[in-house]
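The values are calculated or read from the model by the stated rules, or taken from the named source; none is laboratory data. All of these numbers come straight from a predicted model, not from anything done at the bench. Note: ideal-geometry Cβ built from the backbone for every residue, glycine included; neighbour counts use all protein chains shown. The protein model used for the area step is the full one, side chains on, heavy atoms only, and it has no ligands, DNA or RNA in it. Shrake-Rupley method; radii C 1.70, N 1.55, O 1.52, S 1.80 Å.
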Amino acid sequence: MWPFTDEQSFWAWAADPDAVLMEQDEDVLLHDPVGLPLLLDAAGDADCPKQRYCATVLHDYSRRIVGWKVSQEYSALKAVASQASSSRDPWVRWWSVYVSRLFSYVTDVRQVNRAEAEQMAIDLLTGPAENLTIQIAPGEKHWQCSEFGSYPRYLYINRRTGEYRMTCPHPLSREELRGPHRQS
């Protein structure tokens, strides 16, 4: 739930470099489709003390929406990304292109080579590439992309179709990779 009662309270928080909503996981409080336009405005405002913080939250939230396929938030994200494409701020324009690339992973059916799997992993996991492991999963049907750290995540990409699935904190078993059995 968006932690601000109105736009004015958001800007009061964003204008104060010392204002804190929560000591831990504050960024998760800001993961709400209601706040996307305000986060975008703050991320594009060079005079905002929390410009880079809001940009980071916006980037992470976008990755979570598309990576975990939170489809009920797609339209809000697409609308704000469309608005961002005409921004004068270079990071905001980059973010708009990034969101378009994320949505291409959901909609485009295509074969995925190793380089494309690496780009998907960088975009959908928390990157950068040196923190990722990319290999062919057991059964050879999927790319298995792993990100280790405090919260290990796994991204499985069908090599033939590009369809993907994320898991956390454990990898999928060989049986889970095969999917449901079909009845003949």
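What to note about this one:
- Using C-alpha pairs below 8 Å separated by at least 6 residues, the relative contact order for segment 23-97 is 28 percent.
- Rounded to the nearest whole Hz, the Karplus-based 3J(HN,Hα) values (6.51 cos²θ - 1.76 cosθ + 1.60, θ = phi - 60°) of segment 66-71 follow the sequence 7, x, 9, 6, 7, 4, with x at glycine and proline.
- Efficiency of FRET between H170 and V28 - r from beta-carbon atoms, R0 25 angstrom, step 0.05: 0.70
- Working note: Karplus 6.51/-1.76/1.60 with θ = phi - 60° gives segment 132-145 the couplings 10, 10, 10, 8, 7, 6, x, x, 6, 8, 10, 7, 10, 10 Hz, where Gly and Pro are set to x.
- Rounded to the nearest Hz, the phi-derived 3J(HN,Hα) couplings of segment 116-125 under the Karplus curve 6.51 cos²θ - 1.76 cosθ + 1.60 (θ = phi - 60°) are 5, 4, 5, 5, 4, 5, 4, 6, 8, 9, where x marks glycine and proline.
- For the pair Q83 and D18, a Förster radius of 35 Å applied to the C-beta separation gives a FRET efficiency near 0.75, rounded to the nearest 0.05.
- Heavy-atom accessible area ranking, 1.4 Å probe, most first, across E7, E73, E130, E176: E130, E7, E176, E73
- Mean residue ellipticity at 222 nm, helices only, the chain: -13500 deg cm²/dmol; runs of at least 4 DSSP H residues each add -39,500 (n - 2.57), and the sum is divided by the number of residues.
- Pairs of alpha carbons in segment 36-107 whose separation is greater than 16 Å (percent): 40
- Based on every Cα atom in the chain, Rg and the maximum pairwise Cα distance Dmax equal 18.2, 63 Å.
- Partners for K69 among lysines (Cα-Cα distance below 25 Å; same-chain residues under 8 apart left out): K78, K141
- Per residue, the average separation of C-alpha pairs within less than 8 Å and at least 6 apart gives the chain a relative contact order of 13 percent.
- Rolled with a 1.4 Å probe across the full set of protein chains, the surface gives H31 an accessible area near 30 Å².
- Counting 0.36 nm for each residue step from K69 to R110 and taking away their Cα separation leaves a gain of 12.9 nm.
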